[in-house]
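Peer 1: For reference, the structure I am asking about is given below.
The values are calculated or read from the model by the stated rules, or taken from the named source; none is laboratory data. Just so it is clear, the structure is predicted and the values come from calculations on it, not from any experiment. Neighbour counts run over all protein chains shown; Cβ positions are idealised from the backbone, glycine included.
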Amino acid sequence: MLASRFVPRALLGTDRRLAELAADLEGVDVPFYRTSAEVMAAAVGFHLNRGVLASASRAPELSVAEVISGARTVAVLEGVNDHENLGSIFRNAAGLSVDAVVFGAGCADPLYRRAVRVSMGHALLVPFARAASWPGDLGLLQDNGFRVLAMTPDPAAATLSEAMPRLEGDRVAVLVGAEGPGLAEHTMRASDVRVRIPMSRGTDSLNVATAAALAFYERARLRG
């Protein structure tokens, strides 16, 4: 959080964690409230925790135009309303050279506590924005030179290994949908290419965060 655009208001933690974070907190003008491990467990809701909580103010929302400026690879989500999946996508994005995340219709709040925790804090660091028009803002991406890849289990779609090398020199937006319904048909029609991950017989798809990670990796691998 201290490296993000979200300004902390207060911290709550144990003496041990305060000592461990002393160097990081030097010069940070926020109160640190000390408490016991038992109170921390009650506040967090479970015993296995990192011993510190922070409260922060929400930063002003960024626009899609702001987060894609200078980006080469972005993730675009539709209907991803599970906080654990959302957090995992942010963690994958940070680790696999995705520059920003754009939310379409029906997505959960990336600043919900569980999403931030599962993301290992990367939901605070990877720039994100909500589309003002959906799926209209896919056109904004395309107008800015992005090729939009819609992930789908459709066997008629190009495979990831076929499609991604053709876009090596392009700006790329990886579009994923909610588990179960996937992407809406009108959203896929607005994309440039439909892409699938070949699956073993009897399984038609992967978890959305896993599927996104494979696409992110293939993109990062080709970019070197």
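Peer 1: Report, by residue number, each residue of the range 1-19 that is assigned to a helix (DSSP H, G or I) and surrounded by 15 or more Cβ atoms within 10 Å (Cβ to Cβ).
Peer 2: R17, L18, listed by residue number.
Peer 1: How do the pairs read when you match residues in the range 27-44 that are closer than 17 Å to A3 by Cα and at pLDDT 85 or above with residues anywhere that are loosely packed, with under 14 Cβ neighbours inside 10 Å and not polar (S, T, N, Q), using Cβ under 8 Å and keeping only pairs 6 or more apart or on different chains?
Peer 2: Listed pairs, sorted by first residue: V30/R9; V30/A10.
Peer 1: Sticking with this one: For the range 212-224, which residues satisfy the criterion of being out of contact with any Pro (no Cβ under 9 Å at 6 or more places or on another chain) and either in contact (Cβ under 8 Å) with a residue 60 or more places away in the chain or crowded, with 16+ Cβ neighbours inside 10 Å (or both)?
Peer 2: Selection gives A212, A213, L214, A215, F216, Y217, R219, A220, R223.
Peer 1: Restricting the search to the range 104-159, which residues are of a type in the set (S, T, Y), closer than 17 Å to A212 by Cα and surrounded by 14 or more Cβ atoms within 10 Å (Cβ to Cβ)?
Peer 2: S119, T152
A quick yes/no check of all residues on (1) within 30 Å of G51 (Cβ to Cβ); (2) part of a strand (DSSP E or B):
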{"site": "V76", "(1), (2)": "no, yes"}
{"site": "S88", "(1), (2)": "yes, no"}
{"site": "N92", "(1), (2)": "yes, no"}
{"site": "V101", "(1), (2)": "yes, yes"}
{"site": "C107", "(1), (2)": "no, no"}
{"site": "P110", "(1), (2)": "yes, no"}
{"site": "P135", "(1), (2)": "no, no"}
{"site": "L140", "(1), (2)": "no, no"}
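Peer 1: Here is a check on your reading of the model: is S57 under 22 Å from A190 (Cα atoms) and surrounded by fewer than 19 Cβ atoms within 10 Å (Cβ to Cβ)?
Peer 2: Answer is no for this residue.
Peer 1: Could I ask something else about it? Looking only at the range 45-85, which residues are closer than 30 Å to T152 by Cβ and either acidic (D, E) or without any contact (Cβ under 8 Å) to a residue 12 or more places away in the chain (or both)?
Peer 2: The answer is E61, E66, S69, E78, D82, E84.
Peer 1: Also, I was wondering about something else. Within the range 61-111, which residues are farther than 21 Å from L138 by Cβ and either of a type in the set (D, E, K, R) or modelled with pLDDT under 95 (or both)?
Peer 2: Once the filter is applied, which keeps residues that are farther than 21 Å from L138 by Cβ and either of a type in the set (D, E, K, R) or modelled with pLDDT under 95 (or both), the range 61-111 yields D82, E84, R91, D109.
Peer 1: Between residues in the range 186-204 that are in the same structural domain as M164 (by TED's automatic domain parsing) and residues that are among the β-branched types (V, I, T) and surrounded by fewer than 19 Cβ atoms within 10 Å (Cβ to Cβ), which pairs lie under 7 Å by C-beta distance while being six or more apart or on different chains?
Peer 2: Hits for this filter: R196/T159; P198/T159.
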